[in-house]
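What follows is a short report on a single structure.
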Amino acid sequence: RKTQGTLEAHTNGLRFRSSRGETLDIMYSNMKHVTFQPCENEIMVLIHFHLKNPIMVGKKRQKDIQFFTEVIDASLQVDGGRNRNLYDPDEVDDEQRERILRKRLNEVFKEFCRKVEAVAKKNNYILEFDIPYRDLGFMGTPHKEMVFVQPTLNCLVNLTETPFFVTDLAEVDHVHFERV
(Lines give C-alpha, C1' and ligand atoms only; values in the text may rest on other atoms or scores of the structure.)
Protein backbone atom coordinates (compact mmCIF):
# COMPACT_ATOMS: atom_id res chain seq x y z
CA ARG A 1 0.00 0.00 0.00
CA LYS A 2 1.11 3.53 -0.56
CA THR A 3 2.11 5.68 2.38
CA GLN A 4 4.35 8.66 2.96
CA GLY A 5 7.29 8.75 5.33
CA THR A 6 11.07 8.79 5.71
CA LEU A 7 13.64 6.11 4.89
CA GLU A 8 16.79 5.99 7.02
CA ALA A 9 19.99 3.95 6.73
CA HIS A 10 21.26 2.38 9.98
CA THR A 11 24.16 0.09 10.88
CA ASN A 12 22.27 -3.17 10.23
CA GLY A 13 19.54 -2.12 7.81
CA LEU A 14 17.00 0.43 6.69
CA ARG A 15 14.11 1.82 8.69
CA PHE A 16 11.01 3.37 7.15
CA ARG A 17 8.84 5.55 9.38
CA SER A 18 5.46 6.42 7.96
CA SER A 19 3.65 9.66 8.65
CA ARG A 20 1.12 7.58 10.62
CA GLY A 21 3.81 6.42 13.04
CA GLU A 22 4.27 2.89 11.68
CA THR A 23 7.81 1.52 11.30
CA LEU A 24 9.23 -1.02 8.86
CA ASP A 25 12.73 -2.47 9.25
CA ILE A 26 14.61 -4.09 6.36
CA MET A 27 17.87 -5.80 7.36
CA TYR A 28 20.89 -5.67 5.02
CA SER A 29 21.39 -9.42 5.55
CA ASN A 30 17.86 -10.12 4.21
CA MET A 31 18.34 -8.18 0.94
CA LYS A 32 18.80 -10.41 -2.09
CA HIS A 33 18.59 -7.80 -4.88
CA VAL A 34 18.44 -4.03 -4.54
CA THR A 35 17.56 -1.92 -7.56
CA PHE A 36 17.60 1.79 -8.29
CA GLN A 37 15.49 2.73 -11.32
CA PRO A 38 15.82 6.35 -12.44
CA CYS A 39 12.84 7.98 -14.12
CA GLU A 40 13.77 8.09 -17.78
CA ASN A 41 10.50 7.27 -19.52
CA GLU A 42 8.54 6.32 -16.41
CA ILE A 43 6.47 8.55 -14.17
CA MET A 44 8.41 7.62 -11.03
CA VAL A 45 11.92 7.21 -9.65
CA LEU A 46 12.21 4.20 -7.36
CA ILE A 47 14.31 2.01 -5.10
CA HIS A 48 13.25 -1.63 -4.95
CA PHE A 49 14.26 -4.33 -2.46
CA HIS A 50 13.80 -8.02 -3.32
CA LEU A 51 14.24 -9.95 -0.08
CA LYS A 52 15.57 -13.43 0.68
CA ASN A 53 12.85 -14.06 3.28
CA PRO A 54 9.47 -12.31 3.39
CA ILE A 55 8.74 -9.75 6.10
CA MET A 56 5.42 -8.70 7.58
CA VAL A 57 4.05 -5.42 6.24
CA GLY A 58 0.80 -4.78 8.02
CA LYS A 59 -0.85 -8.20 8.06
CA LYS A 60 0.72 -9.56 4.85
CA ARG A 61 4.03 -11.23 4.10
CA GLN A 62 5.97 -9.29 1.45
CA LYS A 63 9.09 -10.30 -0.44
CA ASP A 64 9.27 -7.09 -2.52
CA ILE A 65 9.43 -3.64 -0.91
CA GLN A 66 9.55 -0.48 -3.00
CA PHE A 67 10.06 3.21 -2.26
CA PHE A 68 9.25 5.72 -4.96
CA THR A 69 8.40 9.31 -5.81
CA GLU A 70 6.15 10.22 -8.72
CA VAL A 71 7.56 12.88 -11.01
CA ILE A 72 4.21 13.83 -12.50
CA ASP A 73 0.69 12.77 -11.67
CA ALA A 74 -0.41 9.64 -13.49
CA SER A 75 -3.63 11.43 -14.51
CA LEU A 76 -1.57 14.10 -16.27
CA GLN A 77 0.48 11.40 -17.99
CA VAL A 78 -2.65 9.69 -19.37
CA ASP A 79 -4.37 12.92 -20.38
CA GLY A 80 -1.20 14.59 -21.67
CA GLY A 81 -1.54 13.54 -25.33
CA ARG A 82 -4.73 15.49 -25.97
CA ASN A 83 -5.21 19.24 -26.21
CA ARG A 84 -1.48 20.00 -26.24
CA ASN A 85 -0.18 22.83 -28.33
CA LEU A 86 3.46 22.67 -29.36
CA TYR A 87 3.87 26.44 -29.19
CA ASP A 88 1.96 27.10 -25.97
CA PRO A 89 4.44 28.81 -23.58
CA ASP A 90 2.74 27.28 -20.52
CA GLU A 91 3.23 23.77 -21.94
CA VAL A 92 6.89 24.50 -22.70
CA ASP A 93 7.40 25.78 -19.14
CA ASP A 94 5.68 22.71 -17.69
CA GLU A 95 7.89 20.38 -19.72
CA GLN A 96 11.01 22.28 -18.64
CA ARG A 97 9.98 22.08 -14.97
CA GLU A 98 9.29 18.37 -15.37
CA ARG A 99 12.76 17.76 -16.90
CA ILE A 100 14.43 19.67 -14.06
CA LEU A 101 12.40 17.76 -11.45
CA ARG A 102 13.27 14.39 -13.06
CA LYS A 103 16.97 15.24 -13.06
CA ARG A 104 16.91 16.47 -9.44
CA LEU A 105 14.98 13.43 -8.17
CA ASN A 106 17.30 11.05 -10.01
CA GLU A 107 20.31 12.73 -8.38
CA VAL A 108 18.74 12.70 -4.89
CA PHE A 109 17.83 9.00 -5.10
CA LYS A 110 21.24 8.09 -6.58
CA GLU A 111 23.03 9.95 -3.78
CA PHE A 112 20.86 8.13 -1.20
CA CYS A 113 21.85 4.80 -2.80
CA ARG A 114 25.54 5.73 -2.59
CA LYS A 115 25.17 6.65 1.08
CA VAL A 116 23.33 3.39 1.88
CA GLU A 117 26.08 1.40 0.12
CA ALA A 118 28.71 3.28 2.15
CA VAL A 119 26.91 2.64 5.47
CA ALA A 120 26.49 -1.06 4.62
CA LYS A 121 30.14 -1.41 3.59
CA LYS A 122 31.29 0.35 6.77
CA ASN A 123 29.37 -2.26 8.78
CA ASN A 124 30.71 -5.26 6.80
CA TYR A 125 27.65 -5.87 4.59
CA ILE A 126 27.90 -6.27 0.82
CA LEU A 127 25.22 -4.16 -0.84
CA GLU A 128 25.24 -2.88 -4.40
CA PHE A 129 22.34 -1.20 -6.16
CA ASP A 130 21.61 -2.49 -9.69
CA ILE A 131 20.32 -0.13 -12.37
CA PRO A 132 18.14 -1.60 -15.15
CA TYR A 133 19.44 -1.34 -18.73
CA ARG A 134 16.48 0.33 -20.42
CA ASP A 135 17.91 -0.01 -23.94
CA LEU A 136 18.11 -3.83 -23.54
CA GLY A 137 14.52 -4.10 -22.30
CA PHE A 138 11.76 -6.00 -24.08
CA MET A 139 8.04 -6.60 -23.79
CA GLY A 140 7.11 -9.76 -21.91
CA THR A 141 4.32 -11.42 -19.95
CA PRO A 142 5.74 -12.61 -16.63
CA HIS A 143 2.31 -12.69 -14.97
CA LYS A 144 -0.99 -12.01 -16.80
CA GLU A 145 -0.34 -8.80 -18.71
CA MET A 146 2.25 -7.46 -21.13
CA VAL A 147 4.90 -5.34 -19.37
CA PHE A 148 8.33 -3.89 -20.14
CA VAL A 149 10.99 -6.25 -18.72
CA GLN A 150 14.50 -4.87 -18.21
CA PRO A 151 17.73 -6.69 -17.41
CA THR A 152 20.07 -5.60 -14.64
CA LEU A 153 23.47 -7.04 -13.86
CA ASN A 154 22.00 -9.92 -11.81
CA CYS A 155 18.31 -10.24 -12.71
CA LEU A 156 15.36 -9.46 -14.99
CA VAL A 157 12.92 -6.93 -13.53
CA ASN A 158 9.69 -5.08 -14.05
CA LEU A 159 9.26 -2.69 -11.14
CA THR A 160 6.66 -0.24 -12.39
CA GLU A 161 3.66 -2.58 -12.68
CA THR A 162 2.20 -4.72 -9.91
CA PRO A 163 2.75 -7.52 -9.18
CA PHE A 164 6.49 -6.81 -9.38
CA PHE A 165 8.64 -9.20 -11.38
CA VAL A 166 12.18 -9.97 -10.20
CA THR A 167 13.94 -13.14 -11.29
CA ASP A 168 17.57 -13.97 -10.59
CA LEU A 169 19.56 -14.73 -13.77
CA ALA A 170 21.53 -17.38 -11.85
CA GLU A 171 18.28 -19.34 -11.43
CA VAL A 172 17.37 -19.29 -15.16
CA ASP A 173 17.99 -22.61 -16.94
CA HIS A 174 16.12 -22.19 -20.22
CA VAL A 175 14.85 -19.18 -22.17
CA HIS A 176 12.29 -19.30 -24.99
CA PHE A 177 11.48 -16.26 -27.12
CA GLU A 178 8.27 -16.24 -29.13
CA ARG A 179 7.76 -14.12 -32.27
CA VAL A 180 11.34 -12.86 -32.42
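The values are calculated or read from the model by the stated rules, or taken from the named source; none is laboratory data. Remember, predicted model here, so these are calculated numbers, not experimental data. As a convention, Cβ positions derive from the backbone with ideal geometry for all residues, glycine included, and neighbour counts pool all protein chains shown. With ligands, DNA and RNA removed, areas are computed over all heavy atoms of the protein, side chains included. Shrake-Rupley method; radii C 1.70, N 1.55, O 1.52, S 1.80 Å.
A few comments on the model shown:
- Charge dipole (debye, nearest 20) of the chain; +1 at Cβ of Lys and Arg, -1 at Cβ of Asp and Glu: 920
- Helix-only mean residue ellipticity at 222 nm for the chain, each DSSP H run of n ≥ 4 adding -39500 (n - 2.57), per residue, nearest 500: -7500 deg cm²/dmol
- A 1.4 Å probe run over the chain, with the rest of the protein chains in place, finds 69 Å² accessible per residue.
- Descending by average beta-carbon neighbour count within 10 Å, the peptides 54-65, 22-33 line up as 22-33, 54-65, the highest first.
- Share of carbon and sulfur in the accessible heavy-atom surface of the chain [1.4 Å probe, %]: 50
- The long axis of helix 89-122 is offset from the longest Cα principal axis of the chain by roughly 10 degrees.
- Separation of the alpha carbons by more than 29 angstrom is noted, of LYS63/LYS144; LYS32/LYS144; LYS2/LYS103; LYS60/LYS144; LYS121/LYS144, for LYS121/LYS144.
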